[in-house]
Amino acid sequence: MRADLLAEPIAGLDEALAAVDGGDQALTAGLLRPQPAQVAALTGLADALAGSPLAGRVAEAVDKIAAGAAGEDHFLAVAAARTALLGSVHDALSARVDEATGRPHAEPAAPEPGAEVSPNLLAAARSWLADLARAGWRGLDHDLVSGSAPVISAMLPDPAPRRLAALLDGFAAELAASCPGAGIDQVPARRWGDLWSRALVLTLPGALGGAPGGTATGRLLPLGVDLHEHGTAAQAQVHAVLEPADGSTPRLVRASVSVPKPDTVLGAGLWQLLRPHLSLLAAAGDGRSMDVEAMPVTAEGDLVWDEERARPGAPADPFVTARVVLPTAATPPVAPLDRHPARLAVPVFLEGYTTDKDGDAIGVTVAGHRLPVDLDRVPVASPLTPAAVASSGACLGLLRWDAGTFSVQPLAVETVVKKKAVAVHAGAWAGGTTDKNGVKAEKAATDAVTVLRERAGRLLRK
Amino acid sequence: MVQGDGALSDREKFSMARVLSPARPRKLAKVPFVELADGRLQGVVSSGSDIGRVYVSSVAAGSFVFACSTNNNRPCGGARGMFCNHILTMINEAVLQYGATRVARYLRVETDPEPTGQAIASAMSATAPAQGDSGAAATVFSQFLRHLAYLELPPTTAPLPEMQWFPPTRTVV
């Protein structure tokens, strides 16, 4: 990998982010009665969109906000402006990553039609998000935040709007823990601006994405497992290379499973909730491939897993996949709305590097360029330790970007333990484990779920 | 060189700024549910004698006004004029789940920088807090049921791209 390219400045990036920051400063103070400084910041956001198809609507929205006469559509225009700017940042970063990895990028595909979701629920979500924008992060209070609860409760049982429900649930929990907003030390303005604008855009009809348009047949070679979690949801994503049965170019794909959860189910408990619904998790943990036949797949390379269309395959070492197949695998296009730097999670293989360790911070220096290692993204229930990363000679990871810096999230490393070469995988315990610590964690998690199920059995009205 | 330096400070510029520290695992048998919400530390405590009964306990932030009653709205015999054992147990379990610092900060209790559950309880008791009515019990109990209902929600294998914003974290915020 040409790690040196990741350190080169990108033209226009600072300017685009400065415009986003302007929008975030305005959202921090609230859009109900904006001060001149906020109006100036929003005007900067609008100016950055001049010449784009959004220009007119964003300029009008800023005028209305400045006059204290803004409605939901105007807030939506601000969210769209922010989304578009970060989309352009994503595209620039993504082009740079393609140069660095030297891998081909597939052509963008047409967006797939959106899922059917109750318009009333979407309207209720939009109305809460508009209230948030009016109050601003500094104006947060418990009553405002708890306004999201009925919307989230109504949305969660249906898997169709799950993207929006899981987002709102995680977002509202952060806001609730930060009340009152006037007392927040440093507002996480970029983050909450991201979550707010994303949620608002997802309330538009069709934005939630729909049925996968294609199918995939061939051999799936897992690279590693990426876990996501907030208090009340967890998602595991297996990154893999698909070798199509028709002999066409191998391509990168993902398979996901997610589930809502009580916030006291943690660590190994997440694997326990997720593993029954995605056999690929166990295959990835055991170093096996899987064969899929007519598995539904989105244009973005997301397999929508169906156990009926998958069967276990031969052993497949992810490091062999990384060395042999990954360099030629095509990267699928990104759906228009998903173009955001936070969405970048590009499988990369690094070797021949040196590591440095300063307290909890570990970096790898590849061809003279240092990349910080994002150890915080390694699941809690995992055998992959900072020590294993610090002593490693090869790393399979996800290249990510946040606040101006690329970093690598380790999915697996090759290291030496007791003079023996071993591979340690972040998702090794996803399908279950015989490791002593892993077994203990599994037992604790089983006990927690057992207690909750017993209580639910007695107390929940059926 | 880091690109993107502007007026905002570091934490303000990260899409992945960590806002909540992860809950810590604890045994749930005694106190299946505890939360810092609605301006209260509130939770549900299993009865020691009757497997079908739970107590709904709460302590308000700032005033430390407390209440404890069963899920059938009968008052707790122990909570007469002072914290009952259900409330004390709930405070200790909240400290296990959220960490003492976060619990003390939420309740607005003045204690040492690294308090224990017992220190938090003593500091609140020392102010001779008033006993509240059980008006909040229904809300707390329905929050608990909502919490339990999360176990019954169906999984999906459709991707949730938004979960990219929610990585695991080992760091205490």
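The values are calculated or read from the model by the stated rules, or taken from the named source; none is laboratory data. Remember, it's a predicted structure, so these values are computed and weren't measured experimentally. Cβ sites come from the backbone with ideal geometry, for glycine too, and all protein chains shown count toward neighbours. The accessibility values were calculated without ligands, DNA or RNA, using every heavy atom of the protein model including side chains. Shrake-Rupley method; radii C 1.70, N 1.55, O 1.52, S 1.80 Å.
For chain A, what does the helix formula give at 222 nm: sum of -39500 (n - 2.57) over DSSP H segments with n ≥ 4, over the residue count, nearest 500 deg cm²/dmol?
Roughly -12500 deg cm²/dmol at 222 nm, from the helical runs in chain A.
How large, in percent, is the carbon and sulfur part of the accessible surface of the stretch B:1-123 at a probe radius of 1.4 Å?
50
Report the Stokes-Einstein translational diffusion coefficient (µm² s⁻¹, integer) for chain A, Rh taken as the Kirkwood radius over Cα pairs, at 20 °C with viscosity 1.002 mPa s.
Reported coefficient: 91 µm²/s.
Treating only the Cβ atoms of Lys and Arg (+1) and Asp and Glu (-1) as charged, compute the dipole magnitude of the stretch B:24-145 about its Cα centre; round to the nearest 20 debye.
My answer is approximately 220 debye.
At a 4.7 angstrom Cβ threshold, list every cysteine in the protein assembly as shown that has nobody to pair with, or say none.
Unpaired cysteines in the protein assembly as shown: A:C179, A:C395, B:C84.
Quick one: of the DSSP bridges fully inside the stretch B:24-145, what percent are antiparallel, nearest 5?
Bridges in the stretch B:24-145 are about 95 percent antiparallel.
State the answer as a single residue: which of B:L107, B:T89, B:S69 lies farthest towards the positive end of the charge dipole of the stretch B:66-154, with beta carbon charges of +1 for Lys and Arg and -1 for Asp and Glu, about the Cα centre.
B:S69
Could you size up the charge dipole of the stretch A:115-254 around its Cα centre, putting +1 on the beta carbon of Lys and Arg and -1 on that of Asp and Glu, and report it in debye to the nearest 20?
Approximately 300 debye in magnitude.
If the viscosity is 0.692 mPa s and the temperature 37 °C, what translational diffusion coefficient in µm²/s does Stokes-Einstein give for the stretch A:152-308 when Rh comes from Kirkwood over Cα pairs?
188
Using a 1.4 Å probe on the heavy atoms of the protein chains only, list every residue of the stretch A:363-410 that has 50 Å² or more less accessible area in the complete assembly than in its chain alone.
Going by heavy-atom accessible area, the residues of the stretch A:363-410 that drop by at least 50 Å² are A:D376, A:R377, A:D402, A:A403.
Would you mind giving the total buried accessible surface between chains A and B, with a 1.4 Å probe and ligands, DNA and RNA left out, rounded to the nearest 100 Å²?
Rounded to the nearest hundred, the buried surface is 7100 Å².
Placing +1 at every Lys and Arg Cβ and -1 at every Asp and Glu Cβ, with all other atoms neutral, what dipole size does the stretch A:214-328 have around its Cα centre, in debye to the nearest 20?
180
Tell me the angle of helix B:137-149 to the major Cα principal axis of chain B, expressed in degrees between 0 and 90 and rounded to the nearest ten.
So the helix axis and the longest Cα principal axis differ by about 50 degrees.
If you take the Cα atoms of the stretch A:133-177, find Rg, then find the Kirkwood Rh from the mean of 1/r over all pairs, what is Rg/Rh?
Using Cα coordinates only, the ratio equals 1.01.
If you take every DSSP beta bridge whose two residues both sit in chain A, what share of them, in percent to the nearest 5, is antiparallel?
Roughly 95 percent of the DSSP beta bridges within chain A come out antiparallel.
How large is the accessible surface per residue of chain A, computed with a 1.4 Å probe and reported in Å² as a whole number?
With all protein chains present, chain A gives 38 Å² per residue.
Using a 1.4 angstrom probe on heavy atoms only, work out the carbon and sulfur share of the accessible area of the stretch A:198-348 in %.
Carbon with sulfur: 56 percent of the solvent-accessible area.
Please compute, for the alpha-carbon atoms of the stretch A:1-123, the extent along each of the three principal axes and give them in descending order in Å.
Principal extents (largest minus smallest coordinate, Cα): 51, 39, 25 Å.
Find how many whole Å separate the alpha carbon centroid of the stretch A:167-209 from the alpha carbon centroid of the stretch A:76-150.
Result: 10 Å between the Cα centres.
Residues of A:260-269, mean number of Cβ from any other protein chain within 10 Å of their own Cβ, rounded to a whole number?
That works out to 6 on average.
Taking each residue in A:165-171, count the Cβ atoms of any other chain within 10 Å of its Cβ, then average. What number comes out?
So the per-residue partner count for this stretch is 4.
Of A:K357, B:K13, B:K27, which has the most accessible area and how do the rest follow, probe 1.4 Å?
Greatest to least solvent exposure: B:K27, A:K357, B:K13.
What per residue convex hull volume, in Å³, do the alpha-carbon atoms of the stretch B:24-145 yield?
With only Cα atoms used, the stretch B:24-145 gives 93 Å³ per residue.
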